1. Which of (1) at pLDDT 90 or above; (2) in contact with a Leu (Cβ under 9 Å, 6 or more places away or on another chain); (3) not β-branched (Val, Ile, Thr) is the odd one out, the single condition Ala49 does not satisfy?
2. Being β-branched (Val, Ile, Thr), part of a helix (DSSP H, G or I) and surrounded by fewer than 11 Cβ atoms within 10 Å (Cβ to Cβ): is that true of Ile83 here?
3. Tell me which residues, restricted to the range 39-79, are farther than 22 Å from Asp7 by Cβ, surrounded by 11 or more Cβ atoms within 10 Å (Cβ to Cβ) and hydroxyl-bearing (Ser, Thr, Tyr).
4. Loosely packed, with under 10 Cβ neighbours inside 10 Å and out of contact with any His (no Cβ under 9 Å at 6 or more places or on another chain): is that true of Leu92 in this structure?
5. What number of residues within the range 57-94 satisfy the criterion of being of a type in the set (Gly, Ala, Ser), over 28 Å from Lys8 (Cα atoms) and modelled with pLDDT of 90 or more?
6. Quick one: would you say Ala36 is more than 17 Å from the chain's Cα centre (by Cα), part of a helix (DSSP H, G or I) and either without any contact (Cβ under 8 Å) to a residue 12 or more places away in the chain or surrounded by 10 or more Cβ atoms within 10 Å (Cβ to Cβ) (or both)?
Amino acid sequence: MEKVTTDKLIQDLGAVVQDAEALLKATAGQTGESIAALRGRAEESLRRARERMKEAGIEVRDRAKAAAHSTDEYVHENPWTAIAVAAGIGFLLGALSRRR
């Protein structure tokens, strides 16, 4: 399976847009085989973009789960450090909100 990146998603979505634009231009004055070929390209581009977006969603979900698991492990192994960090962040947020 190919690794999905943001650049690839953008490229695929760009191809879908280009194919859709070509389809619209072609349907303005032409009929027949050329329209069927453009529709086929547009459908294929859309299919690939959907697959990549689905793969990217799965990858993001897996990364989020891994990050949550790592955070949970860290907090359980270092509870006092986690409390100190949370207190420090709370203090900074409180100080920043008082300035406004």
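1. (1)
2. Taking the combined requirement at face value, the residue does not satisfy it.
3. Residues of the range 39-79 that are farther than 22 Å from Asp7 by Cβ, as a first pass: 39-40, 43, 65-79.
Imposing the further condition that a residue be surrounded by 11 or more Cβ atoms within 10 Å (Cβ to Cβ) reduces the set to 39-40, 43, 71, 74-75, 78.
Within the range 39-79, Thr71, Tyr74 meet the criteria.
4. Details: loosely packed, with under 10 Cβ neighbours inside 10 Å: no; out of contact with any His (no Cβ under 9 Å at 6 or more places or on another chain): yes.
So Leu92 fails the test.
5. Kept after step one, since they are of a type in the set (Gly, Ala, Ser), are these residues of the range 57-94: 57, 64, 66-68, 70, 82, 84, 86-88, 90, 94.
So of that shortlist, the ones also over 28 Å from Lys8 (Cα atoms) come out as 70, 82, 84, 86-88, 90, 94.
Filter again for modelled with pLDDT of 90 or more, leaving 70, 84, 86-88, 90, 94.
Total meeting the criteria: 7.
6. Working: more than 17 Å from the chain's Cα centre (by Cα): yes; part of a helix (DSSP H, G or I): yes; either without any contact (Cβ under 8 Å) to a residue 12 or more places away in the chain or surrounded by 10 or more Cβ atoms within 10 Å (Cβ to Cβ) (or both): yes.
Spelling it out, Ala36 is indeed more than 17 Å from the chain's Cα centre (by Cα), part of a helix (DSSP H, G or I) and either without any contact (Cβ under 8 Å) to a residue 12 or more places away in the chain or surrounded by 10 or more Cβ atoms within 10 Å (Cβ to Cβ) (or both).
The values are calculated or read from the model by the stated rules, or taken from the named source; none is laboratory data. Please read all numbers here as calculations on a predicted model, not as lab measurements. So basically every Cβ, Gly included, is an ideal-geometry build from the backbone, and we count neighbours across all protein chains shown.
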